[in-house]
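The values are calculated or read from the model by the stated rules, or taken from the named source; none is laboratory data. The shown structure was predicted, so the numbers you read here are calculated from the model rather than taken from an experiment. All Cβ positions, glycine included, derive from the backbone under ideal geometry; neighbour counts span all protein chains shown. Surface accessibility is based on the protein's heavy atoms, side chains included, excluding ligands, DNA and RNA. Shrake-Rupley method; radii C 1.70, N 1.55, O 1.52, S 1.80 Å.
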Amino acid sequence: MKKIQMVDLVGQYAEIKEKVDTSISQILEQATFINGPQVHSFQADLEGYLDIKHVIPCANGTDALQIAMMGLGLQPGDEVITADFTFAATVEVIALLQLTPVLVDVEEDSFNIDLKAVERAITPKTKAIVPVHLFGQCADMEGIMKLAERHNLFVIEDNAQAIGANYTFSDGRKQKAGTIGHIGATSFFPSKNLGCYGDGGALFTNDDELANTIRGIVNHGMYRRYYHDVVGVNSRLDSIQAAVLSAKLPHLDRYCDRRREAARKYSRAFSGHPHIVVPKAAKNCEGICAECDCHVFHQYSLRITNGQRDALAEHLGQQGVPFGIYYPVPLHLQRAYADDRYKAEDFRVTNQLVKEVISLPMHTELDDEQINYITEKIIQFLDS
Ligand SMILES: *Cc1c(COP(=O)(O)O)cnc(C)c1O
């Protein structure tokens with residue numbers, strides 16, 4: 001059996017090597033490292049794929065979130081509601097801009113922000129909601145958009161883990177993750193579903209004026225060369241990363257299919273196990289998770305409900321099965337983000353999830369032998 005990797009970027013590169021190598025050598029020969037034609041063509045390709053008017057590339061996903069908040073004109077003291085169960089980047093940029101992060105609990109089934117908790121957290125100071133499409137499946141965007149409209153709030157989608165996922169509205173209409181809110185932010189970190197070979201990110205919006213504002217912000221606040229109208233940042237996707245992304249984008253749907261296929265095999269093997277909860281489908285999504293196009297499985301995360309998660313993790317380590325614990329500590333308990341306002345009873349689900357979740361190897365190159373080995377080791381351990 002091939003050694004099991006948590007993420008296998010080597011195998012994926014082998015498939016697209018010729019295209020990637022040719023594009024990169026061209027950039028080296030032409031020395032168009034920054035703002036080269038590759039950046040513009042990737043931007044246009046992604047606009048087409050997502051069916052959105054504007055893609056604005058930037059340096060990484062964290063920047064994308066920060067720039068989204070700057071572009072919307074959020075001011076110090078404005079409250080921004082986001083999920084307690086996510087990667088720290090989401091809350092970090094809120095704090096950095098001196099906005100007030102308001103963390104709320106998530107849903108047990110989808111791991112995504114709990115709409116009712118968002119509603120309870122809204123105050124006259126609330127300006128934006130940041131749903132995170134955790135592990136590759138959209139939060140309840142229909143509910144969030146309705147709530148936002150009622151309270152006149154901006155919605156910034158943290159789409160770092162869900163590029164390529166579809167969201168299904170209750171009328172059956174589908175839209176790509178990251179294109180539903182006022183603005184979407186994504187990351188092209190190598191291990192994301194669409195990853196480059198360094199750092200990269202992008203913003204998505206259908207709003208022409210907001211897109212224009214953001215194009216200036218990412219470029220030192222310049223709308224005319226050497227005239228700085230607003231305080232901006234320096235955040236660029238370089239040409240080499242854009243070329244890698246252009247080589248990968250035509251394969252993204254196939255990559256997502258392969259991840260779903262692996263997820264389907266995992267879920268079937270674990271089906272009915274008394275101590276394992278497999279990932280569940282979001283609302284409006286037909287069928288079982290992994291059977292439709294709503295989840296792109298950035299992570300395949302189980303809940304181990306008999307208190308044995310850490311023991312299982314140790315066992316998997318010994319058996320040569322890599323795993324991840326995303327995430328071991330709720331943000332409201334992290335030293336940087338703790339606050340007296342937060343009460344344990346308001347984070348019942350997150351506090352439970354951090355003790356139960358474990359993510360299994362998930363990438364486009366997993367084979368049946370590896371999946372069988374992983375599922376057998378887990379079931380044997382939990383049954384022993
Ligand atoms: C990866 C990630 C980010 C940050 O992306 P970078 O490109 O690493 O800055 C933000 N939010 C979530 C949910 C992520 O998974």
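Things to note:
- Stokes-Einstein D (µm²/s) once Rh is taken as the Kirkwood radius of the stretch 103-231 over alpha-carbon pairs, at 37 °C in 0.692 mPa s: 206 µm²/s
- For the stretch 252-383, with all protein chains in place and a probe radius of 1.4 Å, 47% of the accessible heavy-atom surface sits on carbon or sulfur.
- Relative contact order (%) - the stretch 203-266, alpha-carbon pairs under 8 angstrom, separation at least six: 18 percent
- Across the stretch 252-383 the C-alpha pair distances fall into 10 Å bins from zero in the proportions 11, 38, 33, 15, 2 percent.
- Gained length - ASP339 relative to GLU119, 0.36 nm times residue gap less alpha-carbon distance: 77.2 nm
- Low-density loop positions, trypsin sites (Lys or Arg not before Pro), the stretch 138-233 - DSSP coil, at most 15 other Cβ in 10 Å: ARG173, ARG225
- Restricting attention to the chain, close to 60% of DSSP beta bridges with both partner residues there are antiparallel.
- Portion, in percent, of the accessible area of the stretch 66-111 that falls on carbon or sulfur, probe 1.4 Å: 49 percent
- Accessible area per residue was computed with a 1.4 Å probe on protein heavy atoms; ARG348 scores about 150 Å².
- Across the alpha-carbon atoms of the stretch 1-141, the computed radius of gyration and Dmax are 19.5, 58 angstrom.
- The Cβ shell under 15 Å around VAL10 holds other residues with a net charge of -1, Lys and Arg each +1, Asp and Glu each -1.
- Alpha carbon convex hull of the stretch 9-250, volume per residue in cubic angstrom: 125 Å³
- Beta bridge orientation in the stretch 129-199: antiparallel %, DSSP, nearest 5: 40 percent
- Charge tally for ALA160 (other residues, Cβ to Cβ under 14 Å; Lys, Arg +1; Asp, Glu -1): -4.
- Placing +1 on the Cβ of every Lys and Arg and -1 on the Cβ of every Asp and Glu, with nothing else charged, gives the chain a dipole about its Cα centre of roughly 120 debye.
- Sparsely packed GluC sites (Glu not before Pro) within the stretch 125-185, loop by DSSP, other Cβ within 10 Å at most 10: none
- Remark: the stretch 172-251 is approximated by an ellipsoid whose semi-axes, taken from the C-alpha gyration tensor as √(5λ), come to 25, 19, 9 Å, largest first.
- Surface exposure of the stretch 267-384, expressed per residue as accessible area with a 1.4 Å probe, stands at 48 Å².
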